[in-house]
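A.B. asks: One structure follows; several queries about it will come next.
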Amino acid sequence: MKKNRKMLGKDSAIKRILGKREVGILIPLIVVFVVSGLVNPLFFGYQNITNILFQSSFVFIIGIITTYVFILGCMDLSVGSVLGLSGVVTGLALVAGLPVWLSIIFGIMAGGAVGLFNGFIIAKFNIPTLIVTLSTMYIARGLCEFFTRGNPVYPLPANFNILGQGKLMLSESFGIPWPVIFALVLGIIGHIILTQTTFGRAVFAIGGNKETARLSGIKVKRTTMIVYTLSGMAAGMSGILMASRLGSALSNSGMGWELNVIASVIIGGTSMFGGAGSILGSAIGAVLMTTVTNGMAMLKVSVYLQKVVIGVVILIAVGIDQYNRKRSGMKE
Amino acid sequence: MKKILEMKNITKQFHSVTALKDVSIDLYDDEILALVGENGAGKSTLMRILSGSYAANSYDGQIIMNGKKQKFSHTKDAENAGIEMIYQEISLMNDMTVAENIMLGRMPQKRIPGFVDWKKARQIAVEALELVGLDVRPDELVRRLSTSQMQLLSIGKALMRKPKILVLDEPTSALTGKETHTLMTILRDLKSRGISCIYISHKLDEVFALTDRITVLRDGKVINTYTKENLQPDKVIEDMVGRKVENMYPKVHVQMGEEALRVENFTVPSSIPGKNIIDEASFSLKHGEILGIGGLVGAGRSELINAVFGAIKKEKGEVFIDGKPVKINKPTDAIAHKMGLLTEDRRASGYVGTMNLRENISLASFKEISKRGFLNKIKEKKATKVQFDALNVRAPSIETNVLNLSGGNQQKVVLAKWLMSDVHILFLDEPTRGIDVGAKVEIYDIIFELAKKGVAIVMISSELPELLAVCDRFIVLAQGRIRGKFSREEVTEELFMKAATNIL
């Protein structure tokens, strides 16, 4: 029996954990945590940890699907703008007096529509994904500004604002912010779909070798369109939560976020070349990015240096990944 | 008649493989010499040596031009000596103009250095275009030209460097009949102006019509040289084939069943508008039968089976499976009808390099290993392990990455993918390419085993002895048409090669 397990590729638990790609970036995360915590004990406070997770969730919710996009060997630059657009659509619907649930659906649908458009153009016309999503990045941002004339959309109803501002209270003093809970639930669903379904397997196959996937009967175009639609919807959800958090939908919300999302996913070890990656990695990547910023603030490092450090972290993370690939003999 | 080029005792080795063995050829002034031979006979290698692509220190032997020893360590050296190459794959800058392409790297300059003299450039370009009879504007973008115009342009470009020797490697593969005729006229004209040509082609009818002498290569050796006077087409073919068919392969004969597949009137467009890579091809196949598709490179073999599988678009044609008409427009349709395709290039379209063996083997069998979209990984492991064991894949486990395997074992993994999806009709495009002899025999065994189970198999191979030994029946393609249909009993290599070179 034991031999059989070995033949089926089961290694010991420790080896399996150490062999995971995510371990590489867990180390820098732990280092940042420990150093920050030693210098400033407040770092480990309930307030600060909650805050880090809270801030990470907005990026991570998008990063879940950006992970899919990357594994597919594609790119989505439109997510920052879609975040803004969905917030604005939901905000306008709320101000117009529509019920909260319907406004949220509108917002998510607006995001999904931009995503579907991306996916359709990419699948149908075979234009590089960078260019297609660069265009929709401008289009979606332009629509935001057009709908709002650049003015913030507010006030938003209190029962909507609770989504981004409220907490799930587990005791008198201990609660988890709703965005963290949403991110967690969506992350788990995203992970299960990616690793346990034929759809997830198709995403890996297409990213690894599109032509082989096509000739093996995998629906390449359909899968691409679904992933992009999901990407737009995820950005939409994040945008709605952002509007709720601020109590106001801003036309410039999420500007430049596409780069934060991309950075967090790359730090998480997902390959930009397609065919490899994990949701867990992207979660760690998002938390690491926030922690570096947060930790430096606690260490009283100049705000102006923080981006330098983020840049260095990306390089280190990608460097570790490249090294691991080379060692495991995966050249392409 | 003066010897202008001698290649003497050329021997070239790639690791342990000898590509050329003691090859000597001569070229006289104002003549057209043909180099003919099967795929892999060494023609291209020999020309790469002449062009300096393989540097002088990477082979043994000498190149002598006009009595002077030459050492080409770079393609530039050969060009300076007056040798110009025209390859089958056209290498022009698509987004530059015709004139820019002709003058590439040698733009005429104005008196102020660094500034291009466009007037002069255009003038020279017009000259070049006239020389090859090409009617396009010098400032037309090359992208807008047809493939045949590009081919003529490459020749014009080469002529502008005033070569003494012009080497053409399969220059007519992209040309229509009329354009081929134009090209031949141009080459004869060049000859009268003292430019000698080395002409490489699979199309023996062209070779016989055009050239003054024919040198036959086989297995990296010169077999014979014919002049126009003593030319015997049959002898040339015999020399190209050479080997006696030996029973190197333990052919297993199986009882054939009913008709499994019938393909009617398949026409597949090529990338050149107005030209078909496959023209009205029809064939059929029984359960348990192995049909061999032969022909030389570029005859349309791969295109035919790829089109039947739905991997590339067809213009027209019908497919019948077990006697019933079916619509196959994309690979998904073919797979739904229990077809499988093992492609020519396993790295590009056979396996997924980022995946392990298990994931590669189950790639075409999602239905069998999932329920409502969720993978049943225990089932997947069991089912892929069965194939892994049956095909005797040599790897530590099914969790090993496919890139860590040898070519032969990678090929077994791709085969396992189709076996797992329980194919009834299997297309094999060069199934033993780049595989060592031991693994080849294993692949043949797998093929025979499948035939025994009633799988109908179509096989393409450039290795003629292999094809003849493995298959029950043959069709031979040349220039997109079926030129010969043979049974196992009647086929000979000579017959086969005649059909493939279009002189049957």
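Since every read-out is calculated from the coordinates, none of them should be taken as a lab result. Note that the structure is a prediction, hence the values are computed from the model and not measured. Cβ sites come from the backbone with ideal geometry, for glycine too, and all protein chains shown count toward neighbours.
A.B. asks: Determine the calculated [θ] at 222 nm for chain A from helices alone, applying -39500 (n - 2.57) to every DSSP H run no shorter than 4 residues and normalising by the residue count; nearest 500 deg cm²/dmol.
C.D. replies: Counting only the DSSP helices, I get -25000 deg cm²/dmol.
A.B. asks: Return, ordered by residue number, the residues of region B:150-168 whose backbone nitrogen is under 18 Å from a label point located 7 Å along Cα→Cβ of B:Met184.
C.D. replies: Within reach of a label on B:Met184, which here means backbone N under 18 Å from a point 7 Å along Cα→Cβ, region B:150-168 contributes B:152, B:168.
A.B. asks: Averaged over all directions, how much area does the convex hull of the C-alpha atoms of chain B cover when projected, in nm²?
C.D. replies: 26.9 nm²
A.B. asks: Under a point spin-label approximation (7 Å from Cα along Cα-to-Cβ), what is the B:Lys367-A:Ile176 distance to one decimal in nm?
C.D. replies: Result: 4.1 nm between the two label points.
A.B. asks: Related question: What net charge is computed for the residues neighbouring A:Ile62, neighbours being all others with C-beta under 12 Å from the C-beta of A:Ile62, Lys and Arg scored +1, Asp and Glu -1?
C.D. replies: -2
A.B. asks: Once each part is reduced to its C-alpha centroid, what is the distance from region B:155-219 to region B:356-380 in angstrom?
C.D. replies: When both Cα centres are located, 54 Å separates them.
A.B. asks: Please state the shape class of region A:119-199: rounded when a/c is under 1.5, otherwise prolate if a/b exceeds b/c and oblate if not, all from the C-alpha gyration tensor.
C.D. replies: Since a/c reaches 1.5 but b/c is at least a/b, the shape of region A:119-199 is classed as oblate.
A.B. asks: Something else: Just grab the label-to-label distance for B:Glu280 and B:Arg111, each label 7 Å out from Cα along the Cβ direction, in nm (one decimal).
C.D. replies: Distance between label points: 6.6 nm.
A.B. asks: Multiply the residue separation of B:Ser192 and B:Glu399 by 0.36 nm, subtract the distance between their alpha-carbon atoms, and state the gained length in nm to one decimal.
C.D. replies: Taking 0.36 nm per residue and subtracting the Cα distance, the gain is 68.0 nm.
A.B. asks: Next question. Only loop residues by DSSP count here, and only those with at most 11 other Cβ atoms within 10 Å; note down the trypsin sites (Lys or Arg not before Pro) in region B:83-133 that meet that.
C.D. replies: Passing both the DSSP loop test and the Cβ count: B:Arg106, B:Arg111.
A.B. asks: Output the pairs from B:Lys330/B:Lys367; B:Lys2/B:Lys71; B:Lys2/B:Lys76; B:Lys251/B:Lys314; B:Lys43/B:Lys157 with a Cα-Cα distance over 29 Å in this structure; if there are none, say none.
C.D. replies: Correct reply: B:Lys251/B:Lys314.
A.B. asks: Test of understanding: what is the full-extension gain from B:Asp345 to B:Asp445, defined as 0.36 nm times their sequence separation minus their Cα-Cα distance?
C.D. replies: Contour length minus Cα-Cα distance gives 33.9 nm.
A.B. asks: Please list, in order, the residues from region B:88-123 whose amide nitrogen is less than 16 Å from a point placed 7 Å along the Cα→Cβ vector of B:Leu141.
C.D. replies: B:92-101
A.B. asks: Sticking with this structure for a sec: What whole number of Å gives the distance from the Cα centroid of region A:89-107 to the Cα centroid of region B:390-406?
C.D. replies: 55 Å
A.B. asks: Compute the longest continuous run of chain A that contains no exposed trypsin sites (Lys or Arg not before Pro); treat a site as exposed when its DSSP state is not H, G, I, E or B and it has at most 14 other Cβ atoms within 10 Å.
C.D. replies: Of all site-free stretches, the longest is A:150-299.
A.B. asks: Roughly speaking, what is the stretch gain from B:Lys377 to B:Ala56, that is 0.36 nm per residue apart minus the C-alpha to C-alpha distance, in nm to one decimal?
C.D. replies: Full-extension gain reported as 110.0 nm.
A.B. asks: Okay, moving on. Counting only helical runs of four or more DSSP H residues, what would the 222 nm mean residue ellipticity of chain B come to if each run contributes -39,500 (n - 2.57) and the total is spread over all its residues?
C.D. replies: The helix contribution divided over chain B gives -9000 deg cm²/dmol.
A.B. asks: Further, regarding this structure: What is the ratio of the Cα radius of gyration of region B:1-138 to 2.2 N^0.38 Å, where N is its residue count, to two decimals?
C.D. replies: 1.29
A.B. asks: A further question follows. Please compute, for peptide A:197-209, the average count of beta-carbon atoms on other protein chains lying within 10 Å of each residue's beta-carbon.
C.D. replies: Rounded to a whole number, the mean comes out at 5.
A.B. asks: Another one. What do you get for Rg/Rh over region B:348-455 if you use C-alpha atoms and the Kirkwood form of Rh?
C.D. replies: With Rg and the Kirkwood Rh in hand, the quotient comes to 0.95.
A.B. asks: A further question on this structure: Which aspartates and glutamates, if any, have their Cα less than 16 Å from the Cα of B:Lys313, not counting same-chain residues under 8 positions apart?
C.D. replies: A:Glu211, B:Glu264, B:Asp279, B:Glu280, B:Glu303, B:Asp333
A.B. asks: Could you check the spin-label model distance between B:Lys313 and A:Leu184? Points 7 Å from the Cα along Cα→Cβ, value in nm.
C.D. replies: Between B:Lys313 and A:Leu184, the simple spin-label model gives 5.2 nm.
A.B. asks: May I ask for the distance between the Cα centers of region A:170-203 and region B:75-113, given as a whole number of Å?
C.D. replies: After rounding, the separation between the Cα centres reads 59 Å.
A.B. asks: Less than 20 Å apart at the alpha-carbon level, and either on another chain or at least 8 residues along: which aspartates and glutamates does that give for B:Lys377?
C.D. replies: A:Asp11, B:Glu359, B:Glu368, B:Asp389, B:Glu399, B:Asp422
A.B. asks: I would also like to ask the following. Rounded, prolate or oblate: which fits chain A when a ≥ b ≥ c are the square roots of the eigenvalues of the alpha-carbon gyration tensor, with rounded for a/c under 1.5 and prolate only if a/b beats b/c?
C.D. replies: oblate
A.B. asks: Considering the dipole of the protein assembly as shown built from charges on the beta carbon (Lys and Arg +1, Asp and Glu -1) around the Cα centre, which of B:Gln232, B:Ile369, B:Val167 is farthest to its positive end?
C.D. replies: Working it through, the farthest residue towards the positive pole turns out to be B:Ile369.
A.B. asks: When B:Met107, B:Met497 are ordered from fewest to most other Cβ atoms inside 10 Å of their Cβ, what list results?
C.D. replies: Starting with the residue having the fewest Cβ neighbours, the order is B:Met107, B:Met497.
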